[in-house]
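The structure appears below as structure tokens.
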Amino acid sequence: MSNRHEGNDARPARRSDGLLLIPVKAVMQVIDVPLRAWQRLAGLTGMASFFLLPNMAVFAIFVLVPFVINFVYSVTGGTEIFLDQRFYVGAAQYRDIFDCRSYLDPSTCVEDGFWVSTRNTALFVVVQVALMILVALVTALVLNREIAGRSFWRAVFFFPVLLSPVVVGLIWRWILQRQGLLNLVLYELFGFEPYSWLTDRNAAFAAAVGVTIWARVGFFALILLAGLQAIPKELYEAAEMDGTRRTRVFFRITLPLLMPNLLVVLVLGLIRSVQVFDEAYVLTGGGPGTSTMYLTQYIYEKGFASDLRDPGLAAAASILMGTVLVVLTLVQMAASRRNEKKGER
């Protein structure tokens, strides 16, 4: 009797499921008719283009169109924002940028702010990327070992990546300001007098480097950790059986096999460092003076924030910075292909 009742209860459920599928099937039929007609006309290649069209439209609207508008701004002059109020100047903006007696001395340049920010950016990229790779590599090596709470520590190191760059800058500004947490701890524990970390040129630069490393190292460590876990354990077991020293194992096994991941980290780190803006701007505002004013901040202030704004000059500077980023991307692609060919051999 119970089985018969269970069977009777199941039938209405199946009927209700069928009723729910009726509108879905109707919609699919409506969509299917034009798609089949289009497939007969365009073939498989045309269908692929059809499904890629929405993505290409978004790419065109938010990437290609702004790029073209930006280029138009770079060849026009004036302080007005609207293009119909600007006048054509050709390559005058680029000539002003490169008009220098010595590129190593920004004070000899017509646009000294551009070259000061470029010099600051170059120094920041060299120091920050080198330290970033070192810290990310050490972090990945530690997190790859059998340690207590390994999953917890992996989450802890990755957590800053999830924070907004503005939030990161504000947190560290509250910590490093004269009446901040760091000076309080140093005074309570060691009796040190409060120090203005963000108004000293060297300390402000070190703070910008350190904060960006803290905020991004988890992402790059994750890439290196994935590379470490992909290395066959049999290689380490064979080296241990041969009595190979750990340093030799690292330089002969770990580092060569980790090189593709290190290359990805290097190029991505370079691209992100060249584009540094949010954390440094919130942390120091480009100061003291212009010691932490980087190229993206120069473009922002020239185009929008300065009283003597020059959208054309800002656009020209952004075109030059974009060219550098494209070159770095091409280098990454070429190096990745070379590594793939080596792996196939």
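The values are calculated or read from the model by the stated rules, or taken from the named source; none is laboratory data. Predicted model, so just to flag it, every value in this text is computed and none were measured. Using ideal geometry, Cβ is built from the backbone for each residue, glycine included, and neighbour counts are taken over all protein chains shown. Just so you know, the surface numbers come from the protein's heavy atoms only, side chains and all, with ligands and any DNA or RNA stripped out. Shrake-Rupley method; radii C 1.70, N 1.55, O 1.52, S 1.80 Å.
Quick notes
- Total formal charge among the other residues, if their Cβ is under 13 angstrom from that of R86, Lys/Arg +1 and Asp/Glu -1: -2
- Count Lys and Arg as plus one, Asp and Glu as minus one, and take only other residues whose Cβ is under 10 Å from that of T108; the net charge is then -2.
- Per residue, the stretch 70-199 exposes 63 Å² of solvent-accessible protein surface, assessed with a 1.4 angstrom probe and all protein chains in place.
- Between V129, V282, V30, the Gaussian network model of the chain with springs among Cα atoms under 10 angstrom shows the greatest mean-square fluctuation at V30.
- Pairwise FRET efficiency - V33 versus A239, Cβ, R0 = 56 Å, nearest 0.05: 0.30
- For the chain, the membrane-span-like helix rule (DSSP H, alpha carbon extent of at least 30 Å along the helix axis, mean Kyte-Doolittle at least 0.0) picks out 2-59, 112-143, 201-229, 311-344; this says nothing about an actual membrane.
- Near the amide H of T76, within less than 5 Å, lie the amide hydrogens of V89, all on another chain or at least 5 residues away, with H placed in the peptide plane.
- Distance from the Cα centroid of the stretch 159-198 to that of the stretch 30-87 is 46 Å (rounded to whole angstrom).
- The share of C-alpha pairs in the chain whose separation exceeds 34 Å stands at 51 percent.
- Hz values of 3J(HN,Hα) by residue in the stretch 86-92 - Karplus curve (6.51, -1.76, 1.60), Gly and Pro given as x: 9, 10, 6, 10, x, 8, 4
- Couplings 3J(HN,Hα) for the stretch 290-307, derived from phi with the Karplus relation 6.51 cos²θ - 1.76 cosθ + 1.60 (θ = phi - 60°), are 10, 5, 10, 8, 9, 4, 5, 5, 4, 5, 4, 5, 5, x, 9, 8, 7, 5 Hz, where x marks Gly and Pro.
- Where GluC sites (Glu not before Pro) in DSSP loops with at most 14 other Cβ within 10 Å are excluded, longest remaining stretch of the chain: 147-345
- Among P311, P288, P194, residue whose mean-square fluctuation peaks in a GNM of the chain (springs only between Cα atoms under 10 Å): P194
- Tensor-based shape of the stretch 21-66 (alpha-carbon gyration tensor, a/c under 1.5 rounded, otherwise prolate or oblate): oblate
- Per-residue SASA entry for D307, accessible area with 1.4 Å probe, Å² rounded to 10: 150 Å²
- Most mobile listed residue (M321, M28, M132) in the chain, GNM with C-alpha springs under 10 Å: M28
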